[in-house]
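The structure appears right after this line, and notes come after that.
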């Protein structure tokens, strides 16, 4: 059994192949012997300012919906706890550990209410791999880890490039700065059109560079 375990530990670091893609990703932090955090990766779990404080829910919620975050400390999961409302009446709520889906949903709402923390994430976490203890998702499944939310915030999609509004290089386009040669060509063409309108002798089109025959 020991030999099998030793073989398993030598393979563990290979589970982080995604860190070589060049795209910031979420990595599961490990205590496996021989595992090392990738260079430049940032731990964002509990104990850091990036950690997810949304770990419990109460059901039903105070407004009567199915559940909401339990932000009070010291409440035991699996037990009912009373909540005293401002008008003096008390309601009973079951406290439960949040599921990964609930924890991520609550964290997304929690950090949205803290714009300074979101701004700090964009400043300090952009382009960095983020580490947490949550196991990685199965292929094709969403990543129910708050680090995935931080990755979205720190690395927003680039805005689509705006189409050019400069337009053609001509004398009546205000978006173009003409060179002296451009201006001379415009004047030559205006003079050519004026002679044609006046019925004067035909002359070669100044923009026709083909030799006359």
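Below, the figures for the structure above:
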{"quantity": "Qualifying positions in the stretch 109-127 - crowded, with 17+ Cβ neighbours inside 10 Å and within 22 Å of residue 27 (Cβ to Cβ)", "calculated": "111, 121, 125"}
{"quantity": "Residues located in the stretch 88-108, provided they are touching a residue at least 40 places away in the same chain (Cβ under 8 Å) and in a helix (DSSP H, G or I)", "calculated": "100, 101, 102, 103, 104, 106, 107, 108"}
{"quantity": "Qualifying residue in the stretch 54-76 (condition: in a loop (DSSP other than H, G, I, E, B), within 24 Å of the chain's Cα centre (by Cα) and modelled with pLDDT of 90 or more)", "calculated": "yes"}
{"quantity": "Residue selected from the stretch 18-35 under the condition modelled with pLDDT of 90 or more and not in a loop (DSSP other than H, G, I, E, B), by the criterion farthest from residue 151 (Cα to Cα)", "calculated": "28"}
{"quantity": "Check on residue 39, at pLDDT below 95 and either surrounded by 13 or more Cβ atoms within 10 Å (Cβ to Cβ) or assigned to a loop (DSSP other than H, G, I, E, B) (or both)", "calculated": "yes"}
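The values are calculated or read from the model by the stated rules, or taken from the named source; none is laboratory data. Only a predicted model underlies this, so the values are computations on that prediction, with no experimental measurement involved. Heads up, the Cβs are rebuilt from the backbone with ideal geometry, glycines too, and the neighbour counts pull from every protein chain shown.
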